[in-house]
Amino acid sequence: MRDLAAGVRYLGRGQRWVLGHGRWFGFGLLPALVTFVLYAAALAALAFWADDIAAWATPFADGWDETWRSTLRGLFAVLLWLGALLLSVLTFTAVTLLVGDPFYEKLSEQVEESEGDCPEGLDRPLWRELWTSLCDSLYVLWRALLFAVPLFFLGFVPVLGQTVVPALGFCVSGFFLTLELVSVAMQRRGIPVRERLRILRTRRALALGFGVPLVLAFLVPLVAVVLMPGAVAGAALLVRDLVDADAGGDGDGGGDVAAGEVQGGAAGEGAWPQGPVGGAAVDPRVNPAAGTRPPGGSPQ
């Protein structure tokens, strides 16, 4: 529960940061607005054609009684649209980050500079950054679909499909949404996507606390656009402490656990980082709860 609450706090801190820096809030709105318009048009088209798609996908029901045929196809159409909606939540962030990569990279960097000791980004051309982001997003989407597809079919199971499955769907979407959002700050540190996934797995509750409220909020039209800049800012704040926590710290900027206390099994043998983060190893003496770091931002 503590990590769950910490994730919500990071989300709130990110929203407060952009609201306190109006220029950067407006800076982050444009890519999200463009992506939202495209997604809204696609979902509206799917809703219009959902009945036809359901009839095409269930030819075996042509000879059924009208009541049962209509019930099956109506349920299929609803689940199809809901599945597309959850998929759009999963991919909205990835597409928005791709569309606005220079915007959100600058926003994330500004957040870290305001906190002090911002790591230097990798010196790569823009096309390389976009290609890396695209490959990472496709990997995240593939991993998310490994859960989303079985959940879609489980949605047809009576009772279970209307209670447990939607809840699991929101949790899966929230976790992978967090994974997408932290990619901006973690990519700047040179952390590969598989390592990002491993780090978040050690703090699942933290990732869910950050991502699930966003998933629920993104279901409301235009809310995704308004919250996107703050989500990127909150993810940058989360990464700063999460990376330190994975080396043995607390991971919650407002927490009261002493540095070095292990959370979620993140520390110990095999824990990241054993190699460089943005060219410098993370100092396990960092106390993220106090927001302090060794002088110069590097280990002593």
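The values are calculated or read from the model by the stated rules, or taken from the named source; none is laboratory data. All values reported here derive from a predicted model rather than from experimental measurement. Note: ideal-geometry Cβ built from the backbone for every residue, glycine included; neighbour counts use all protein chains shown. In case anyone asks, the SASA skips ligands and DNA or RNA and just uses the protein heavy atoms, side chains included. Shrake-Rupley method; radii C 1.70, N 1.55, O 1.52, S 1.80 Å.
Set the Förster radius R0 to 45 Å, insert the Cβ-Cβ distance between residue 117 and residue 168 as r into 1/(1 + (r/R0)^6), and round the FRET efficiency to 0.05. Write down the numbers at each step before the final one.
Working: r = 38 Å, r/R0 = 0.85.
Computed FRET efficiency for residue 117 and residue 168: 0.70.
Evaluating 6.51 cos²θ - 1.76 cosθ + 1.60 at θ = phi - 60° for every residue in region 192-200, the Karplus couplings come out as x, 4, 5, 6, 4, 4, 5, 4, 5 Hz, glycine and proline recorded as x. Only protein heavy atoms count here; under a 1.4 Å probe, residue 10 has an accessible surface of about 0 Å².
Relative to 2.2 N^0.38 Å, what does the C-alpha radius of gyration of region 1-84 come to as a ratio? Two decimals please.
Working: Rg = 21.2 Å, N = 84, 2.2 N^0.38 = 11.8 Å.
That ratio works out to 1.79.
Answer rounded, prolate or oblate for region 112-186, using the Cα gyration tensor with square roots of eigenvalues a ≥ b ≥ c: rounded when a/c is under 1.5, else prolate when a/b is larger than b/c, else oblate. It is oblate, given that a/c is not under 1.5 and a/b is not larger than b/c.
Using θ = phi - 60° in the Karplus curve 6.51 cos²θ - 1.76 cosθ + 1.60, the 3J(HN,Hα) couplings for region 216-233 round to 5, 5, 5, 6, 8, x, 6, 5, 4, 5, 5, 8, 4, x, x, 5, 5, 5 Hz; x is entered for Gly and Pro. Each residue was assigned an accessible area with a 1.4 Å probe, and for residue 99 the value is about 80 Å².
If eta is 0.692 mPa s and T is 37 °C, what Stokes-Einstein diffusion coefficient results for region 30-153, Kirkwood Rh from Cα pairs, in µm²/s?
Numbers: Rh = 17.5 Å.
For the chosen part, D equals 187 µm²/s.
By how many nm would the segment from residue 65 to residue 195 grow when fully extended, if each residue of separation counts as 0.36 nm and the alpha-carbon distance is taken off?
Residue separation times 0.36 nm, minus the Cα-Cα distance, leaves 41.5 nm.
What is the sum of charges around residue 175, taking Lys and Arg as +1, Asp and Glu as -1, for the other residues whose C-beta is under 11 Å from the C-beta of residue 175? Kindly include the intermediate steps, with their values, before the conclusion.
On the way: positive: 143, 201, 203, 204; negative: 180.
Summing Lys/Arg as +1 and Asp/Glu as -1 gives +3.
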